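The values are calculated or read from the model by the stated rules, or taken from the named source; none is laboratory data. This structure is a prediction, so every number in the text was calculated from the model and none was measured. Note that each Cβ is placed from the backbone with ideal geometry, even for glycine, and that neighbours are counted across all protein chains shown.
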Amino acid sequence: MRRIRYGVALTATCSALLLAGCGGGMEATSQSSGAAPAPAVAADQEAAKQSRPQQDKSGLVSNVKLTQQDRQVIYTGDLTVRAKQVTTAAQQAKQIVTSAGGYLSKEQSNSASDTEDTATLEFKIPPDKYAAVLGRLGKELGKQLSMNQGTQDVTMQMADVNSRLKSAQQSLESLRTLLKKADTIGQVLQVEREISARESDLESLQAQQKELATQVAMATLTLRLVGPVAVVEDPSDEPAGFFGGLKAGWDALVSFAKVAVTVFGAVLPWLLVSLPLLALVIYLARRDRARRPRTPVPPQGPRPGDPDPEAA
């Protein structure tokens, strides 16, 4: 019995040691599974984590950068100024615009008298200096009578032209490559016709792109200078309705009368020269007709078959 008890105790002790060893191995295995990953995998995970947009507590993306597209805007202006001397004011306006980096593109002047002179100047001004130049011209040249400004956003139009231009260039390059592979004369002629048509479209798009770029690069300002007593017509002051129609009709009648008087004045010298000649021709024709002898008309006898008047 004593031996049996020693045997049971020894068996229990071995079992306990075996279970303890298995638990340690499982713990070591679980610890090894929680170890740090390889450096390459960690780098990939970090890169993926940084590449993901972070969100704040409200769920909105916080690290997305928005880029603002440059707007393409055309600036135009119309300014009317009454100056004491139109010629001097025009020279001063040219100096102001030139000092700001602009230039004169068109000029038209009317010199009736010193007090009734008028001049119209068209300037091209850099957009960043446009407001400053406009303010100087309205203050330094004389009394500002009117000013109108306008803007036109052509961003989408320029983007469309650039896209069409790029497509046309790619299509043209494809046709030129196809021309090298053409085998027959018919294929060559057909491809050359297509290339000619695409080149015309490409030149038209390039002209549109250049014109838009020019208008965006420089603002257009039309300056009108008038003398001290020159009459300036303001369309906003014209009456509307019945009185507006009456005024328009009267102006049309006055214009017609001026044209009629001008035409009569141009024709009158010709009438003065041609009427005596016409009267002389008529007199000679009548005199010649009066001098011609009159031929007597022979009496007509009875025709055969007519009844005899004496017998009747």
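Quick notes on this one:
- Qualifying positions in the range 89-125 - at pLDDT 90 or above, outside any strand (DSSP E or B) and exposed (fewer than 15 other Cβ atoms within 10 Å of the Cβ): Gln91, Gln95, Thr98, Ser99, Gly101
- Remark: Ala168 matches the filter, which requires a residue to be surrounded by 16 or more Cβ atoms within 10 Å (Cβ to Cβ), at pLDDT below 90, farther than 27 Å from Ala100 by Cα and of a type in the set (A, V, I, L, M).
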